[in-house]
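Below you'll find the structure, written out as structure tokens, and then a few comments.
What follows draws every value from the coordinates through simple rules; no lab data is involved. What you see is a predicted model, and the numbers here were worked out from it, not measured in a lab. All Cβ positions, glycine included, derive from the backbone under ideal geometry; neighbour counts span all protein chains shown.
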Amino acid sequence: MSIKIVQDTPKKMYNEVSSIVNDCFEGVWSADDLLQLIEIPHEDTAFMVAYVNDKPVGYTFVIADYIDEVDEKIATIQEFGLLPEYRDSDIASNLLEKAIVFSKESKANLMEQVVSIIDQWIIPTLIKNNLRPSEIKADREISTPNEAKLILTNLRKCPKLNVIMNQLFYENNSDLETHIIENEFDLDDIPRNDPIAFGSVISVDKTEDLENTLEELKKTKVEWDEIGITFDYTL
């Protein structure tokens with residue numbers, strides 16, 4: 001099997017992978033979604049495509065931007081797609097190595113990737129390449145503050161979770177309005193009664209704790225709509 005990885009700008013490489021995006025993400029993410037993603041401006045971007053015998057089988061899209069809130073430049077793997085039949089090969093590691101090289105060349109201090117439920121297959125590869133889980137973000141669509149109160153109550157019933165932030169999200173024209181909440185009383189001080197989502201950020205101290213933390217999160221009697229795991233690589 002002849003493996004080749006080519007790196008270029010997102011717009012130049014998009015056509016190479018547009019036909020395999022649906023298969024990489026089992027139909028939950030489309031080529032149109034990817035096109036919209038790559039059109040968002042960033043300081044630095046790179047798009048890597050993996051070929052097997054000149055056939056595109058996977059790709060990764062990486063960005064790097066200076067973030068004022070943390071006063072450093074962060075590289076983010078925004079998308080990592082690989083056809084299912086190639087996930088047991090070294091292709092994922094090869095793409096990841098290229099992403100790390102790009103992140104260093106962009107003078108970023110940290111590279112991160114958020115892994116969702118659909119792409120948890122990549123977790124062993126991330127750990128093998130020295131990325132470490134740092135937090136878990138759990139989100140739930142809601143429509144009333146009372147739903148948020150119930151989620152907070154259920155989270156408190158699980159002392160094994162290290163919750164570092166709870167957020168309530170509202171629609172504000174085309175943007176999101178966000179409020180950080182510590183307890184139920186904070187909800188009474190928010191002059192709105194129409195939240196659209198609740199999010200909780202849970203800290204993960206060690207790779208060995210990841211599976212246990214995920215299990216504890218699922219025991220909170222909350223039907224989470226999305227659980228994303230952030231992996232970090234210090235450059």
- Task: Run the dipole for the chain about the Cα centre, Lys and Arg Cβ at +1, Asp and Glu Cβ at -1, nothing else charged, and hand back the magnitude in debye, nearest 20.
- Result: 740
- The size of the Cβ-based charge dipole (Lys, Arg +1; Asp, Glu -1) of the range 136-234 about the Cα centre, to the nearest 20 debye, is 400
- Query: Mean residue ellipticity at 222 nm from the helices of the chain, using -39,500 (n - 2.57) per DSSP H segment of n ≥ 4 over the full residue count, to the nearest 500 deg cm²/dmol?
  - Reply: -8000 deg cm²/dmol
- Task: Between Pro56, Pro191, Pro84, find the one with the highest GNM mean-square fluctuation for the chain; connect C-alpha pairs within less than 10 Å.
- Result: Pro191
- Message: For the chain, take the longest principal axis of its alpha carbons; what is the angle in degrees between that and the long axis of helix 91-105, to the nearest 10 within 0 to 90?
- Response: 80
- Pairs Lys98/Lys160; Lys137/Lys206; Lys128/Lys206; Lys12/Lys128: which exceed 25 Å Cα-Cα? Lys98/Lys160; Lys12/Lys128
- GluC sites (Glu not before Pro) within the range 128-227: which are DSSP loop residues with at most 14 other Cβ atoms inside 10 Å? Glu182, Glu223
- Given just the C-alpha atoms of the range 116-179, how large is their convex hull per residue in cubic angstrom? 140
- Task: Take the Cα radius of gyration of the chain and divide it by 2.2 N^0.38 Å, with N its residue count; two decimals is plenty.
- Result: 1.10
- Item | Computed magnitude of the charge dipole of the range 1-130 (debye, nearest 20; Cβ of K, R +1, Cβ of D, E -1) | 480
- Note on the structure: Here, GluC sites (Glu not before Pro) of the range 3-61 satisfying both criteria (DSSP loop; at most 16 other Cβ within 10 Å) are Glu26, Glu39, Glu43
- Relative contact order of the range 136-234, defined on C-alpha pairs under 8 angstrom at six or more residues apart (%): 46
